[in-house]
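Encoded as structure tokens, the structure appears first; notes follow it.
The values are calculated or read from the model by the stated rules, or taken from the named source; none is laboratory data. Bear in mind that the values here come from a model prediction, so they are computed numbers and not experimental data. Neighbour counts are summed over all protein chains in view; Cβ atoms, including those assigned to glycine, are modelled from backbone coordinates with ideal geometry. With ligands, DNA and RNA removed, areas are computed over all heavy atoms of the protein, side chains included. Shrake-Rupley method; radii C 1.70, N 1.55, O 1.52, S 1.80 Å.
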Amino acid sequence: VEGQDETWDQVKERLLEEVSDLASEALEQDDPIEEMFAGEVGKTVELLDVLVRNYDVVVSNPPYLSSRKMGDELKSFLKDNFSGYRNSYTCFIERCTEMAVQDGFATLVTPEDFMTLYSFRKLRDSIISDYQFVEGVHLSRYGFDQQKDAYTIPFVIRSRSPEDFEASRFYRMTHEQPRYETYEDKIRGLNEITNAVRNGESHDDVYVINQNGFR
């Protein structure tokens, strides 16, 4: 109805009906191009349905792309909308936290340089101020089997008020001798650490701190 606001569910239903009509018309006219177009539009609507909602848990292995290699349009968009605009993966950190409900979790595996580079200082400040860093596994080298020189950290952050913050837990797996020299050692060591934490046992490579200490 003209002048009347629609909810997203109403917009989605209307768009999918229009896509269905478009696909039916293409099928009747034996027009494969229009039929394919309708299918792609339908996928876009479904993707938008994912992106406009909020979730208890958001899990992501985001794409990595330095701003030096971006096209002008993408670079401009990220710079206007994200504090971590110098790499696509840091923008995904921000977007994933936005998609989590209050007290919800965002868990990602990313390069480790957002923790140290000067260019990501605003992103770090935002995370420390607005989100609880629940835990992180500092793998450093051998983060992935197919990327022997990848410097990575899988981590979990939680969307919650600062007064509800709890201590953060980090697993140090950066020392190659003697515990974590190879990729296989990392997997074995991570299993050992996880089992110790779950059983309430101490472990030399587990560090529990208040994240405000990073300031």
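Quick look at the values:
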read-out: Greater than 28 Å apart at Cα, pairs in 79/186; 43/75; 122/186; value: 79/186; 122/186
read-out: The range 158-215 and the range 86-125: distance between their alpha carbon centers, rounded to Å; value: 19
read-out: Per-residue SASA entry for residue 79, accessible area with 1.4 Å probe, Å² rounded to 10; value: 130
read-out: Solvent accessible area, Å² - residue 57, 1.4 Å probe, full protein context; value: 90
read-out: Relative contact order of the range 57-142, pairs being alpha-carbon contacts under 8 Å that are 6 or more residues apart, as %; value: 32
read-out: Kirkwood Rh, Cα atoms: Rg over Rh of the range 56-215; value: 0.98
read-out: Accessible area in the full protein assembly, largest first, 1.4 Å probe, for 180, 55; value: 55, 180
read-out: Local electrostatic count, residue 57, Cβ distance below 15 Å [Lys/Arg +1, Asp/Glu -1]; value: 0
read-out: Probe 1.4 Å - accessible area at residue 21, Å² to nearest ten; value: 100
read-out: Calculated FRET value between residue 187 and residue 151, using beta carbons and R₀ = 22 Å, to 0.05; value: 0.80
read-out: Per residue, in Å², the accessible surface of the range 160-202 once ligands and nucleic acids are set aside, probe 1.4 Å; value: 64
